[in-house]
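To keep things clear, I will list the structure first and then write my remarks on it.
The values are calculated or read from the model by the stated rules, or taken from the named source; none is laboratory data. Here the structure is a predicted model, which is why all the values come from computation and not from measurement. Cβ: placed from backbone, ideal geometry, glycine included. Neighbour counts: every protein chain shown.
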Amino acid sequence: MAQYLISFDRGAMDHIPAADLPAVGRAAHAVIREAEAAGVFVFAGGFSDDDAEVEPAVVAVDGLVTDGPYPESKELIGGVTIVDVPTREEALKWAAKVAAACQCAQDVRKFMRDPELI
């Protein structure tokens, strides 16, 4: 099995009217419950702009902390789901379900495994 990160950019859901967000949340939770029942769910969560404690920060190799995202970063992650599935095709199927529920495109990336940490 391999773990895949399914994610979307911050602002990707901005097109959704506020009145529709509860339904989108219910749809997203239903996909997560389905992934749990299928035994492929690892983790899911989103990021908020409403709290100073969750604002991005960069910690340099010398320990210097800079508020904000990495300077070269063009986009910030808005939310993530991690699944543990046997194939890329299976990860893409789960990403399609997340995309439909969240009403926004999803990025899919396979985690590289470090053999010393497995």
Exercise. Of these, V61, V85, which one is buried (at least 17 other Cβ atoms within 10 Å of the Cβ) and either of a type outside the set (D, E) or at pLDDT 85 or above (or both)?
Worked result: V85
Exercise. In this structure, does A44 turn out to be surrounded by 11 or more Cβ atoms within 10 Å (Cβ to Cβ), modelled with pLDDT of 80 or more and assigned to a helix (DSSP H, G or I)?
Worked result: no
For this session: Hey, could you check region 12-41 for residues that are modelled with pLDDT under 95 and under 14 Å from the mean Cα position of the chain (by Cα) and say which is farthest from Q103 (Cα to Cα)?
Result: A12
